[in-house]
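The values are calculated or read from the model by the stated rules, or taken from the named source; none is laboratory data. None of these values were measured; they are calculated from a predicted model. Glycine also receives a Cβ, built like all others from the backbone with ideal geometry; neighbour counts cover every protein chain displayed. Surface accessibility is based on the protein's heavy atoms, side chains included, excluding ligands, DNA and RNA. Shrake-Rupley method; radii C 1.70, N 1.55, O 1.52, S 1.80 Å.
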Amino acid sequence: MTESDPERTAVLSGCPMHADPTPIHDHTFAADPDAVYAELREQGPLASVELAPGVPATLVLDHETALSVLRDPETFPKDSRAWQREAPADSPVVAMMMYRDNVLFQDGPAHARLRQAITDSLSRVDSVTLRRYVTESAESLIRDFGPNGKADLLTEYARVLPLLVLNRLFGSPAELTTRMVEAMTALWDGFDTERANRELVQCIAELIALRRQHPAFDITSWLLAHEADLDDEEMVQQLVVFMGAGAEPVQNLITNALRLWLSDDRFAGDLSGGRLPVEDAIDEVLWKQPPLANYAITFPTRDVELAGRLLPADQPVVIGIAAANTDPALQATRRDGNRAHLAWSAGPHTCPARGTARLIASVAIETILDTLPDMDLAVPDHELEWRPGPFHRALTALPVHFPPVQETDSRDETPGESGRWSDRPAHTSWIPPDTTSTPKRAGSVTKAPRRALNYLGEWLLGR
Ligand code: HEM
């Protein structure tokens, strides 16, 4: 990559910035992104796209060029402030792209410091405990809609579950979790977003204050105790990025993989095969329909020549993660089980929670398939709709039906106690002692989380 001069610029032919940008935020793109990527590939490894009306960007389409961008943070830094000054303030993409004091938007030593605190804290998450959190949250949500014989697995399951699990990892009490889930959902739905934003930050501030006063075995306490010595403002920013970067992609990994399982004979026909097919469905989604389909955005501070094209200073460069994963050149060399996909990105900002995210998704999928083995899609696969937007590969709903599971009197029981719901051994406590500084006695905490989950279920269903 070299810095360009005006003469050189003049001779660069076919610059994608001179082509009419192709929208990647509309229904046409959402309905068939692969067809749009195929057309865009005619421009070469880079294409001119529109992230929202009046927001042009360069999309990187091939795997090799994507890696070269992701591994060159000096040429392709994350700081978006110069772009933001010129961007339409009311654009729907500004919220995702605006500069924040969190790990995602930092470069160099500032990034390394925050990243170390995050990776050290995540590395302390024990997979057995995490698996239990996911199973318990999943069983509780399924218990809410099981008697109905039908559900929208997006709003009633996949959307709430990662938030519940993340909040338990954060050491958040049930009441705060409820408020945070409400705020996050309002943000997703674009409903009273200013209030929702304020509420989210307020909840996180309360959680930080709580864990400063009462440190426990959770991510918030580990971040607070980290040698990076994060102040309260930095703590809020990092927890917001955990929620933002974590919840929606996990939701989409769960729903996209469940959809594949329920609609594709290769998976649906393999029900007796145990676990492997779930992992295969997850892998296929990470390759072909990655939850973050176009992301890992950078903002070169000067005009940059890349792959024979000119990229203007301060204009976003977006990695076409789905396009790079399905790059025909890569397919020729790809072997089964190869994890070279870019679903987690690559380079210094690669997702630090790959293992965590994958475990949450696979346990969530296994739990619902074990509990509702006769579940089917409620509409033909081709009638499912994909949500328009430039970044996420997300369904608008995943309606299913199944033989209703009889409601029992066990709604306030500890998950696992009812044989109808699970064959797993009963847990002795709903909130595990290792998330609190004072161990709780078994049975003393079983009711509060159920009440919170009931409330969430009703609220999400608009009841
Ligand atoms: C299927 C689920 C997930 C996917 C597909 C995913 C994907 C990604 C990608 C592509 C990036 C790079 C973003 C960029 O460069 O701009 C990223 C970064 C990040 N992810 Fe994930 N992620 C997932 C789940 C999670 C979860 C569950 C957490 C937290 C528990 C998390 C925390 C983060 C953080 C903190 C970053 C920023 C890292 C940095 O800037 O150094 N992610 N993720």
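Data for the structure
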| read-out | value |
| --- | --- |
| Segment 125-172, residues that are over 21 Å from the mean Cα position of the chain (by Cα) and free of Cβ contacts under 8 Å to residues at least 60 places away in the same chain | Val128 |
| Number of positions in segment 288-331 that are open to solvent by 10 Å² or more (accessible area, probe 1.4 Å), over 30 Å from Glu86 (Cβ atoms) and away from the ligand (no atom under 11 Å from the Cβ) | 7 |
| Search result, residues across segment 336-375 that are within 7 Å of the ligand (Cβ to nearest atom) and either touching an Asp or Glu at 6+ places or on another chain (Cβ under 6 Å) or open to solvent by less than 30 Å² (accessible area, probe 1.4 Å) (or both) | Ala343, Ser345, Thr350, Ala353, Thr356, Ala357, Ile360, Ala361 |
| Residues (within 16 Å of Arg168 (Cα to Cα) and more than 14 Å from the ligand (Cβ to nearest atom)) located in segment 216-243 | Ala216, Phe217, Ser221 |
| Flag if Val103 is within 12 Å of the ligand (Cβ to nearest atom) and under 18 Å from the mean Cα position of the chain (by Cα) | yes |
| Some residue of segment 157-174 being open to solvent by 10 Å² or more (accessible area, probe 1.4 Å), in a helix (DSSP H, G or I) and more than 13 Å from the ligand (Cβ to nearest atom) | yes |
| Residue satisfying condition, being within 13 Å of the ligand (Cβ to nearest atom), among the charged types (D, E, K, R) and open to solvent by 20 Å² or more (accessible area, probe 1.4 Å), within set Asp126, Asp144, Asp62, Asp79 | Asp79 |
| Residue check, Glu199 open to solvent by 40 Å² or more (accessible area, probe 1.4 Å), more than 16 Å from the ligand (Cβ to nearest atom) and not assigned by TED's automatic domain parsing to the domain that holds Leu70 | yes |
| Near pairs, Cβ below 7 angstrom, 6+ apart or cross-chain, from segment 88-110 (touching a residue at least 12 places away in the same chain (Cβ under 8 Å)) to any residue that is of a type in the set (S, T, N, Q) and near the ligand (Cβ under 10 Å from one of its atoms) | Asn102/Gln238; Val103/Gln238 |
| Criterion violated by Val11 - all others in (1) more than 26 Å from Pro88 (Cα to Cα); (2) modelled with pLDDT of 95 or more satisfied | (2) |
| Residue that is more than 28 Å from Val363 (Cβ to Cβ), among the hydrophobic types (A, V, I, L, M, F, W, C) and in the same structural domain as Gly355 (by TED's automatic domain parsing), where the choices are Phe105, Phe145 | Phe105 |
| Some residue of segment 77-90 being part of a loop (DSSP other than H, G, I, E, B), farther than 22 Å from Leu342 by Cβ and either modelled with pLDDT of 90 or more or β-branched (Val, Ile, Thr) (or both) | yes |
